[in-house]
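Here's the structure we're looking at; comments come further down.
The values are calculated or read from the model by the stated rules, or taken from the named source; none is laboratory data. Computed from a prediction, not measured in an experiment: that's the story for all the values here. FYI the Cβ positions are ideal-geometry reconstructions off the backbone, even for glycines, and counts take in every protein chain you see.
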């Protein structure tokens with residue numbers, strides 16, 4: 001909804017929303033194997049899209065190499081990237097730098113969270129704590 005409102009505010013620039021919303025609810029931005037993103041890329045290949053607008057940049061990708069590949073694909077088809085909450089202009093060098101910095105921080109955050117979880121589970125196992133949802137039969141707690 002926020003993206004449609006933003007597009008409506010850009011009518012003076014000639015922006016108009018497409019009929020399709022490319023959503024990937026329940027999928028991680030850590031990879032590109034998402035049905036909504038794949039459909040978006042297909043529509044870009046068909047020259048149906050001029051601007052990709054996301055609510056936040058990390059919703060598009062949290063993995064720097066994936067973002068780089070997406071940006072190369074976007075550039076090849078003349079597609080610009082915009083964000084509702086983060087004013088980035090990928091047509092300028094400063095905007096591309098800011099885009100890569102934000103994506104690098106998103107990837108760092110994702111990797112840090114995974115590492116913290118790994119240490120948490122390792123410490124719990126070392127203390128003999130059960131890691132599953134229900135205690136297995138035969139174990140006295």
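A Cβ distance below 7 Å, combined with a sequence gap of six or more or placement on separate chains, defines the contacts here; from segment 118-141, residues that are in a loop (DSSP other than H, G, I, E, B) reach residues that are modelled with pLDDT of 70 or more and surrounded by 10 or more Cβ atoms within 10 Å (Cβ to Cβ) in the pairs 131/121; 131/124; 131/125. Restricted to segment 78-89, and to residues that are closer than 23 Å to residue 27 by Cβ and in contact with a helix residue (DSSP H, G or I) (Cβ under 7 Å, 6 or more places away or on another chain), which residue is surrounded by the fewest Cβ atoms within 10 Å (Cβ to Cβ)? Ranking the qualifying residues of segment 78-89, first place goes to 86. Within segment 70-93, one or more residues are part of a helix (DSSP H, G or I), in contact with a strand residue (DSSP E or B) (Cβ under 8 Å, 6 or more places away or on another chain) and within 19 Å of residue 7 (Cβ to Cβ). Can you find a residue in segment 12-24 that is modelled with pLDDT of 80 or more, within 24 Å of residue 1 (Cα to Cα) and crowded, with 16+ Cβ neighbours inside 10 Å? Among the residues of segment 12-24, at least one is modelled with pLDDT of 80 or more, within 24 Å of residue 1 (Cα to Cα) and crowded, with 16+ Cβ neighbours inside 10 Å, which makes the answer yes.
Looking across segment 42-60 at every residue that is in a helix (DSSP H, G or I) and surrounded by fewer than 19 Cβ atoms within 10 Å (Cβ to Cβ), the one that is nearest to the chain's Cα centre (by Cα) is identified as 59.
Residues that are in a helix (DSSP H, G or I) and exposed (fewer than 12 other Cβ atoms within 10 Å of the Cβ): does segment 31-40 have at least one? Scanning segment 31-40, I find at least one residue that is in a helix (DSSP H, G or I) and exposed (fewer than 12 other Cβ atoms within 10 Å of the Cβ), so the answer is yes. A single entry from 114, 98 fulfils the requirement of being modelled with pLDDT of 80 or more, under 21 Å from the mean Cα position of the chain (by Cα) and surrounded by 12 or more Cβ atoms within 10 Å (Cβ to Cβ): 98.
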